[in-house]
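Asks: Take this structure first; my questions come after.
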Amino acid sequence: MMRSANRSACLFVLLFAATPLGVSAQDARVWQLGAGMWPGVGIHAGYVKAQTVFTLDAILYVHAHPTVDYSINWLQLSGGIGAALRPLGVLRSIGYAKYGYGDVDIGIRFGPSFMFPTDATRADKNKHFNLFLDPFVRLSFSIGRRTMFLETGPLEPVIRVGGWVTLR
């Protein structure tokens, strides 16, 4: 498990270094690129349209669950669409908060999920296709002039980090 956490941390550092400068967490169209950890490891990429009061998301997830000997027990591919409310944006729009260095999104995504087990049992063969519902909380924040995010939700891996890359 430690080896997979190190790989996720390296991927996060690479994404942070590749994120261009000048991305605002408010009113932006961005690519969300990130790594996931615990349980297992994963990557995700997608489109986020961030407005003052809400965001619209379309995200693809790839998640692997390694065993104790670091072989992959199963691979999961998921794709979801969703939306989120930005409570700080609501306060800003009515004049009660200034725009700071970050924002909070509280939302939900749903979509199909495909599981590919390496050592499928009879029960696993019946679970190749599922629909998921992923309520999530995302904190977007600036580090210097780069916008990063930390996200959590029940879809594994439950801890997701990464950066926002501006669409021009």
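The values are calculated or read from the model by the stated rules, or taken from the named source; none is laboratory data. Keep in mind the model is a prediction, meaning the values are calculated, not measured. In this analysis, Cβ positions are derived from the backbone assuming ideal geometry, glycine residues included, and neighbour counts consider all displayed protein chains. In case anyone asks, the SASA skips ligands and DNA or RNA and just uses the protein heavy atoms, side chains included. Shrake-Rupley method; radii C 1.70, N 1.55, O 1.52, S 1.80 Å.
Asks: What does the accessible area of residue 75 come to, in Å² to the nearest 10, when a probe of 1.4 Å is used?
Replies: The accessible area comes out at roughly 70 Å².
Asks: Still on this model: For residue 167 and residue 72, what does the FRET efficiency come to when R0 = 25 Å and r is the distance between their Cβ atoms, rounded to the nearest 0.05?
Replies: For residue 167 and residue 72, the calculated efficiency is 0.15.
Asks: Measuring from label point to label point, each 7 Å out along Cα→Cβ, what is the residue 114 to residue 31 span in nm?
Replies: The two pseudo-label positions are separated by 2.2 nm.
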